[in-house]
Every structure is written in C-alpha cells, then in structure tokens.
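Here is the structure we will look at.
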Amino acid sequence: MSDPFDRNYTPKTGELVQLTPLIGVVTAPNAGPMTFTGTQTYLVGQGALAVVDPGPDNDAHLEALLRAIDGRPVSHILVTHSHVDHSPLCRRLSDATGAPVLGFGTANEGRSAVMERLAAQGNLGGNEGIDEGFAPDRKIADGEVIKGDGWALEAIHTPGHLSNHLCFAVQGTGAVLTGDHVMGWATTMVSPPDGDLTSFMASMEKLAARDGDSVYFPGHGGAIKDPAAMVSHQIRHRKSRESQIRQALAGGNPATALQLAEQIYTDVDPRLIPAATRNVFAHLIDLSERNLVQADRPISVDAVFFEK
Ligand SMILES: [Zn+2]
C-alpha cells in the first residue's frame, strides 16, 4: 500500500505562517514521538479571530500566539479535542483575550455505550494524555455552524481518537481543520475506552461522504492536499490491520494485544509499540463487538483473544 504521509514537514515553530487568506498556523514547541513536529494552533479570520486548538500549557507558545494575534480581537477559542497537547492553553488564552472556549464537551462526552460499559466493568488501561480539567464555556453540537467576523466554521463530530473530537470545516474555503482525526504524518492513536475504533471508522466514512473539501489542515504535520485519497487510504489501512490481526489469530493462535502488536508492527519506531498495542486493542474490541473474536475473560488489557 503506498504511503501518503509526509514526514519531511518542517514548521516555523513559534511564528505565524499564513496558509490561506483566512487561515494561519502557529506550531507549538512540543515536538515528540507522539506529537511529530508539535501541535498546530490555527488562527481563522482577518479581523476578529477564532483560535483553534490553543495547544499545551506552555509559556513560549502563549507568547507566540499573542504575538501572532497582534492585538486583534479574538471572538472564539475552539478545541478539536481535550488531549493535553491541544486544549490546556485555552484557559490562559481565554484570560488574555476574553474569548469563550467552545468544544464538544468534557473528555468523556460522546462516548459510545460499548465504551461506557467496558470502562465501567474492566481494566482497559488508556487515559493517555487526557486534559482532565477541560470543560468548554459553551458546548458545540455536531453540524453546528459557528459564525464570526468574515468566517464560519462548521463543527463535524468525529469521535474515534477521542469521543469529544470535532473537525471544523472553514465554510466557503474547502479547508477542514481535522485535529488528530486525520493527520499529515501518521495514522492516529485509538486507545480504548477514550478511543473507539468502531466510532473512528464511522467518522472516517462521515468525512468521505462530504463534498467539496479540498484541503485538510491537521493538528500535527503539514497540509493534506488530497483529502479524499487520504481518507480512503486510512479506511483501507485500518481494514488491512484488521485482516492482519484476524490472520494472526486464525487457526487457533490466541494472543494478547501486545503480542499481536509486536508481531504486526515490525517496521515502527520501538517507542511507538505501546501506542500500536493500544490500536490493536481497539481493533480487538471492535472485532469482539462484531462477534469475530472473543476474549478469555472480561475484556481487559491482559486478556487473551481468540478467533470465534
Ligand atoms: Zn489527540
């Protein structure tokens, strides 16, 4: 399968880079194995601005954002999802600008019934990088259009990476701010119970069904210039992971999520094996719900899964 990801992206960290007349980006200084070259904070508008994903609680990034805002009014602070590399700076930015914080809800908002049930009954692990204190001043619903000074953003609820994940379509421009749902450098982590692969696939199909999107600006990495191709690649990629997992279990070879990840992810940075294990675990829960695999005990991080 050809790989559409761009791992050569080099941001100008801390500087405002104008991507389109309406959309600028400031990259946060939090590069790392899970964040690639750092979180991308987007500024939408030319007069009063929307700031999308203020980023991690980091002094240098707050200063960089205030420099980029350059005294212009900020009418909205929007959050794609409440992971610690995306939302925590919203409070200090709100204090500095007076703008309200808008998001889908707290970290568990939008969780599926399946994940609610599993989270209540078992040890699923997970909970990586959740901004526990996040609570928006105002909740945004799926499909809601937030109108500002010369811009309008349509919220698209895209649970999967996190249940409260939103993408924002910048109406009239063809651009969509995709947060961590679709990224330019890698596929996203889906770690139960916060992450939900069944929801993730439905959210991918939701984006695939949209018309007129011509570019994605993700939470990490560069612009995705062929959104339709990227979305169909990612749907195929997850389906091929699912086949790899089912093949590994076939013929009576039970295994844990970690054993499967070590067997399947042979070409990744070893630091990413824990994240890969979470992705495999997400597949195993999805497959269990579809009655294709079964666990030897109530579903948990240590459960051994076998073919049904
Ligand atoms: Zn995230």
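The values are calculated or read from the model by the stated rules, or taken from the named source; none is laboratory data. Here the structure is a predicted model, which is why all the values come from computation and not from measurement. Reconstructed Cβ throughout: ideal geometry from the backbone, glycine too, with neighbour counts over all protein chains shown.
You will find that of Ser163, Ser87, the residue that is out of contact with any Leu (no Cβ under 7 Å at 6 or more places or on another chain), within 16 Å of the ligand (Cβ to nearest atom) and more than 22 Å from Ala28 (Cβ to Cβ) is Ser163 and no other.
Checking the structure you have, find out if any residue of the stretch 125-138 is among the polar types (S, T, N, Q), under 19 Å from Gly219 (Cα atoms) and within 16 Å of the ligand (Cβ to nearest atom). No, that holds for no residue.
From Thr187, Thr178, grab the single residue that is surrounded by fewer than 24 Cβ atoms within 10 Å (Cβ to Cβ), within 17 Å of the chain's Cα centre (by Cα) and either within 12 Å of the ligand (Cβ to nearest atom) or in a loop (DSSP other than H, G, I, E, B) (or both). Result of the check over Thr187, Thr178: Thr187. Report yes if Val145 is more than 11 Å from the ligand (Cβ to nearest atom), β-branched (Val, Ile, Thr), out of contact with any Lys or Arg (no Cβ under 8 Å at 6 or more places or on another chain) and free of Cβ contacts under 8 Å to residues at least 40 places away in the same chain, otherwise no. Taking the combined requirement at face value, the residue satisfies it. Screening Val25 against (1) surrounded by fewer than 16 Cβ atoms within 10 Å (Cβ to Cβ); (2) out of contact with any Gly (no Cβ under 9 Å at 6 or more places or on another chain); (3) not in a loop (DSSP other than H, G, I, E, B) leaves a single unmet condition, (1). Annotation note: of Ser203, Ser199, the sole residue that is buried (at least 24 other Cβ atoms within 10 Å of the Cβ), within 15 Å of the ligand (Cβ to nearest atom) and over 17 Å from His86 (Cα atoms) is Ser199.
Comparison of Asp213, Asp267 shows that the only residue that is outside the structural domain of Leu43 (by TED's automatic domain parsing) and not in a strand (DSSP E or B) is Asp267.
Within the bounds of the stretch 93-113, is there any residue that is within 16 Å of the ligand (Cβ to nearest atom), buried (at least 18 other Cβ atoms within 10 Å of the Cβ) and among the aromatic types (Phe, Trp, Tyr)? Looking through the stretch 93-113, at least one residue is within 16 Å of the ligand (Cβ to nearest atom), buried (at least 18 other Cβ atoms within 10 Å of the Cβ) and among the aromatic types (Phe, Trp, Tyr).
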